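Taking it in order: structure first as structure tokens, then the write-up.
The values are calculated or read from the model by the stated rules, or taken from the named source; none is laboratory data. Nothing here was measured: the structure is a model prediction, and the numbers come from that model. Cβ placement follows ideal geometry from the backbone for every residue including glycine, while neighbour counts extend to all protein chains displayed.
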Amino acid sequence: MNIKRFSAAAFAAALLTPGLAACNSTGTGEAGASASPAVSGSIAPSGASPGTGDAKQALLNSTNEIRNGNFRFTMTGPSSTAEGQVHEPSQSAEMRVTIGDPSSDLMMKLDVIHYKPDSWVKAELGGKSASSIPGVQKLNLGKYQHLDQTRIKGNRALGFDFDKLDPAGSSVLTEGITEVRQTGDGTYEGTLDVSKAAEAGSMDPAVITALGAQAQSVPFTAKLDPQGRLSELVIKLPAAGQNASASASTPTATSAGQDIKITYSDYGNATAAQKPPADQVVEAPPEFYNLFN
């Protein structure tokens, strides 16, 4: 089992990251700037009020509030969950991630706190193959491990960029919408091109590659809250097999059909993360960085 590949792929599918895999398109600018005129976005349900026809623009606008960096979120994928909050006013964020379970080859639980300029993580590794991880006894400490920012900068699994506040990358995902229709009050469905969304924290680039041409038309559903803010996005990834064009030495990921569900809540009502007590903090050992690099 390739532990390093497993961890990177699992985090991309799970996250998120205010902490771990935080990523969005640019974190700046107005949503909708790249809306495609080819989108079928003018289909409204019977009886819909005037002005509800531009479905894609509504979804693009729904991610605007995320850029303010004050919300709670969840992400769920195959055998993985992530939940947490982003609080830009205090330059802090936190997330709890679970990947696998004790019966899996590798189970990983992470409690991550970011409070600029510091980051800490409490790790728990288990599962049938946990004993094969080099230095595992130095990782399961039951304490928060302080992270060296120079070693996690740009790391999809561990770093957090307060200029890019969306852990799931919903902004870049909605910009990839290729077809959409409104199905009810604040509900939408359609397709999106995830081949252009490899930087979204909720997407695994290896799975995008494995999807091939299917990545250009992936079904999704979305819900907006009464204020027009994104509250739920479900990406329905189809089954993907080995990419025939890949070389034998660099195989792409193989996956069954799977849903990635992202939710946002408590806009404007998140709170500052709590720094771990000093007596519960140790410096992260080299083994920890090796697991993610």
task: Examine the stretch 132-150 for a residue that is closer than 30 Å to K196 by Cβ and touching a residue at least 12 places away in the same chain (Cβ under 8 Å), and state whether such a residue exists.
output: yes
So D101, is it touching a residue at least 40 places away in the same chain (Cβ under 8 Å) and in a loop (DSSP other than H, G, I, E, B): no
- prompt: Do you know which residues across the stretch 261-274 are among the charged types (D, E, K, R) and modelled with pLDDT of 95 or more?
  reply: D266
message: Out of the residues in the stretch 177-201 meeting the condition of being closer than 18 Å to S231 by Cα and in a loop (DSSP other than H, G, I, E, B), tell me which one is modelled with the lowest pLDDT.
response: G201
message: Taking the conditions exactly as written (over 22 Å from D105 (Cβ atoms) and either in contact with a helix residue (DSSP H, G or I) (Cβ under 9 Å, 6 or more places away or on another chain) or small (G, A, S) (or both)), does G159 satisfy them or not?
response: yes
Long-range neighbours under 6 Å by Cβ, at least six apart or interchain, first residue under 13 Å from I113 (Cα atoms) within the stretch 73-86, second modelled with pLDDT of 90 or more and not in a strand (DSSP E or B): Q85/A270; V86/G69
query: Out of all the residues in the stretch 57-80, is one or more small (G, A, S), surrounded by fewer than 18 Cβ atoms within 10 Å (Cβ to Cβ) and closer than 24 Å to A272 by Cα?
result: no
query: Conditions: (1) of a type in the set (V, I, T); (2) part of a helix (DSSP H, G or I); (3) touching a helix residue (DSSP H, G or I) at 6+ places or on another chain (Cβ under 9 Å); (4) surrounded by fewer than 23 Cβ atoms within 10 Å (Cβ to Cβ). T150 meets all but one. Number of the miss?
result: (3)
- line: Of the candidates L110, L141, L125, the one satisfying the condition of being in a loop (DSSP other than H, G, I, E, B) and either surrounded by 15 or more Cβ atoms within 10 Å (Cβ to Cβ) or of a type in the set (K, R) (or both) is L141
query: Taking the stretch 207-219 as the region of interest, how many residues are surrounded by 21 or more Cβ atoms within 10 Å (Cβ to Cβ) and more than 12 Å from G176 (Cα to Cα)?
result: 4
- line: Within the stretch 202-212, of all residues that are farther than 27 Å from M95 by Cα and either at pLDDT 90 or above or not β-branched (V, I, T) (or both), the one farthest from the chain's Cα centre (by Cα) is G212
query: Looking at this structure, is A215 out of contact with any Lys or Arg (no Cβ under 8 Å at 6 or more places or on another chain), at pLDDT 95 or above, among the small types (G, A, S) and not in a loop (DSSP other than H, G, I, E, B)?
result: no
query: Which one is surrounded by the fewest Cβ atoms within 10 Å (Cβ to Cβ), of the residues in the stretch 159-200 that are touching a strand residue (DSSP E or B) at 6+ places or on another chain (Cβ under 7 Å) and within 30 Å of W120 (Cβ to Cβ)?
result: L165
